[in-house]
1. Of everything in segment 87-107 that's among the charged types (D, E, K, R) and over 19 Å from V143 (Cα atoms), which residue is most open to solvent (accessible area, probe 1.4 Å)?
2. Give me the residue from segment 114-144 that is within 13 Å of L94 (Cβ to Cβ) and among the polar types (S, T, N, Q) and, out of that set, least open to solvent (accessible area, probe 1.4 Å).
3. Being surrounded by 12 or more Cβ atoms within 10 Å (Cβ to Cβ), of a type in the set (F, W, Y) and modelled with pLDDT under 90 is the requirement here; does F84 meet it?
4. Do you know which of the residues in segment 87-127 that are at pLDDT below 90 and touching a strand residue (DSSP E or B) at 6+ places or on another chain (Cβ under 7 Å) is nearest to I61 (Cα to Cα)?
5. Can you tell me which residue within segment 46-65, out of those that are assigned to a helix (DSSP H, G or I) and under 12 Å from C119 (Cβ atoms), is most open to solvent (accessible area, probe 1.4 Å)?
6. Considering segment 100-140 alone, what residues qualify as being in a loop (DSSP other than H, G, I, E, B), touching a residue at least 12 places away in the same chain (Cβ under 8 Å) and within 14 Å of W68 (Cα to Cα)?
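The values are calculated or read from the model by the stated rules, or taken from the named source; none is laboratory data. For clarity, every value in this text was computed on a predicted model and none was experimentally measured. A quick note on method: Cβ atoms are made from the backbone with ideal geometry, for glycine too, and the neighbour counts reach across all protein chains shown. Side chains are part of the model used for accessible areas, which takes the heavy atoms of the whole protein and leaves out ligands, DNA and RNA. Shrake-Rupley method; radii C 1.70, N 1.55, O 1.52, S 1.80 Å.
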Amino acid sequence: MHFGDDRPACITNYYIHFTLQRAWFSSIVDEYGNRREVDIAEWAMPMQKIYGRLQMTPKQIAEFCQKWHIAELAAFGSILREDFRQSERDVDFLFCDRPNTNMSLLRRVRMKVELEEPCARPADLVMFSEVMASHTQNRRKNVLGSATLIYVEG
């Protein structure tokens, strides 16, 4: 994947590109640095399990996203791994806001606080554009390779 004027604008565009490039297989790196090939279809966690771990319903997620003008929201990181423990970890979210949304630091802090209440744990909110602009290729690969969409506007 290269960057420039044709870089993906949001998470779903990345998924389409990722799927076409990788033909449903991906190489992941676990927390111990071990690299292995996985079949994405087998690896994907059922959505109900994700909602249960988040302690949020699809309706609550949609209401949150509509309130804050989020076009797409994905979960990534430890919440999607089998070794996730309900009380020990934070929750990582990747999001794309709607065009022309003023995403100030104060707005992001308010979003974070609102997400932490139903999840009953700390939440990290990361903008898709920040991940794509990252100079660390491993960060992009780990975040985008494990992200699972939980809300798409429309």
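1. If we take residues in segment 87-107 being among the charged types (D, E, K, R) and over 19 Å from V143 (Cα atoms), then E88 is most open to solvent (accessible area, probe 1.4 Å).
2. S134
3. For F84, the condition - surrounded by 12 or more Cβ atoms within 10 Å (Cβ to Cβ), of a type in the set (F, W, Y) and modelled with pLDDT under 90 - is met.
4. C119
5. Q60
6. T101, M103, listed by residue number.
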